Amino acid sequence: METFLLQLKELSSAEDFLQYFGVPFDQHVVNVSRLHILKRFFQYIRQENLLAPSNEVALYAAYREQLMKAYSDFVSSTPAQEKVFKVFQDTDGRQHVSLDSLRATMTPRLAA
């Protein structure tokens, strides 16, 4: 079990995880949604209660299944539609900036 966990700690990018678990991927999907895929992957792991150590081979298979599921969420969807991060949940994928808030952040120009 320790070997599997040590190997996971060495992974840092979405590509690293996808390659480690042997999940085929489209680089364009990963370029657009890399952080979203990883966050969704770890959400699925927590939901399935896969954080507790068990059989290393079974754990690898379970993690792979969750990563495939997370990746597939973004193959036909967008980060804004999936709303993994709070910014998308709060704004429904749209940004709202009022003119008053922009004016408040501007510094007054000094006369030359």
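Readers should treat all values here as calculations from the given coordinates under stated rules, not as data from a laboratory. As the structure is a computational prediction, the values presented were derived from the model and not from experiment. Cβ atoms come from the backbone with ideal geometry, glycine included; neighbour counts cover every protein chain shown.
In order along the range 24-31, phi translates into HN-Hα couplings of x, 8, 9, 4, 4, 4, 5, 4 Hz, rounded to whole numbers, per the Karplus curve 6.51 cos²θ - 1.76 cosθ + 1.60 with θ = phi - 60° and x for Gly and Pro. Label sites at residue 5 and residue 48, each approximated as a point 7 angstrom past Cα along Cα to Cβ, lie 1.9 nm apart. For residue 25, no residue 5 or more places off, or on another chain, has a built amide H under 5 Å of its own.
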